[in-house]
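The values are calculated or read from the model by the stated rules, or taken from the named source; none is laboratory data. Source: prediction; values computed, not measured. Cβ: placed from backbone, ideal geometry, glycine included. Neighbour counts: every protein chain shown.
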Amino acid sequence: MNIKYQKMKQLTSLKTLILFLSIMFSCKISFSQVRSEKEIPSNLKLPDNYYKGIEEKRKYAESQKASSVKTTTATSFYPSPQPVKKETGNPELRAKALLNTANIPSGFPLYNSNSMTAKEYEEAVVIWFKKNPSYRKTK
């Protein structure tokens, strides 16, 4: 019974401490906000050259607005060079991309990852293209 009482007392004191700190923190924030508003001078005056600069910018913008209606600018867009991609992925797709037909010829080698490596498949495709050069896509 005594241990429960001590834990309960600790919990109550912890709750009280947290409540006290939160009240202090909220009061501190509210006081600091009020104080900062009082510190800003209400009769702040900027130098005359600041206002003259703004007026000159406004006049320049208005003068450019009228002339911009009459003139048009032609712009040309050139395609940006595409980065060269490393050939990765399925070697069968890369080999089929070299064909100049939509249909796959009957003797074209098929890739089986269980029985051959990508390098062996590429060698088989090179041999097939040497035997059938008419199916190879020319650039």
field: Top-ranked residue of segment 85-117 - restricted to ones that are hydrophobic (A, V, I, L, M, F, W, C) and buried (at least 16 other Cβ atoms within 10 Å of the Cβ), ranked as farthest from the chain's Cα centre (by Cα)
entry: Phe108
- request: Report, ordered by the first and then the second residue, all pairs with beta carbons closer than 6 Å, sequence separation of six or more or different chains, a first member in segment 7-34 that is assigned to a helix (DSSP H, G or I) and at pLDDT 85 or above, and a second member that is of a type in the set (Phe, Trp, Tyr) and exposed (fewer than 10 other Cβ atoms within 10 Å of the Cβ).
  value: none
statement: Across segment 114-139, the tally of residues that are over 21 Å from Asn103 (Cβ atoms) and of a type in the set (Gly, Ala, Ser) stands at 2
